[in-house]
1. So, of the residues in the stretch 102-124 that are modelled with pLDDT of 90 or more and of a type in the set (A, V, I, L, M), which turns out to be most open to solvent (accessible area, probe 1.4 Å)?
2. Of the residues that sit in the stretch 83-124 and are in contact with a strand residue (DSSP E or B) (Cβ under 7 Å, 6 or more places away or on another chain) and of a type in the set (S, T, N, Q), which one is nearest to K15 (Cα to Cα)?
3. Taking the residues in the stretch 55-86 that are in contact with a Gly (Cβ under 9 Å, 6 or more places away or on another chain) and open to solvent by 30 Å² or more (accessible area, probe 1.4 Å) as candidates, determine which candidate is nearest to K117 (Cα to Cα).
Amino acid sequence: MTRKPLSRKYLHRIKWIVASLALLLVLSQQFPIASKSTGTDRQRYQDKTATVINVVDGDTLDIDIADPQKNKPYTRVRLWGVDTPETKRPGYPVMYYGPEATEYAIKVLLNQQVTLKLEPNENT
């Protein structure tokens with residue numbers, strides 16, 4: 001099965017995604033994560049250094065800090081301010097350039113140490 005040539009629209013989108021991820025890495029090793037910022041989460045994760053042990057997709061990572069609320073030996077985090085095409089959303093097809101965004105995130109982030117910054121929240 002042959003693949004159609006990629007349109008400029010999609011090439012532009014993947015270049016933007018890759019550039020955004022690269023910029024985040026270059027500017028700092030601090031990757032903010034989205035969270036329900038309860039006091040407990042802030043105490044558990046804010047400014048902590050962790051190792052990325054798995055890349056779920058281009059904007060979702062697993063880190064080596066246990067998540068007692070879900071009784072898991074790792075914590076799943078989403079990169080704050082980054083939205084890549086979906087590759088593993090149940091009931092949805094793999095989106096254009098999702099696999100490429102995931103590959104890039106693996107190349108750049110897997111086994112790297114990151115410093116966690118929770119999403120700013122006025123209530124915490």
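1. I106
2. T84
3. D83
The values are calculated or read from the model by the stated rules, or taken from the named source; none is laboratory data. Keep in mind the model is a prediction, meaning the values are calculated, not measured. When we count neighbours, we look across all protein chains shown, and the Cβ atoms used for this are built from the backbone with ideal geometry, even at glycine. Ligands, DNA and RNA are excluded from the accessible area calculation, which covers all protein heavy atoms including side chains. Shrake-Rupley method; radii C 1.70, N 1.55, O 1.52, S 1.80 Å.
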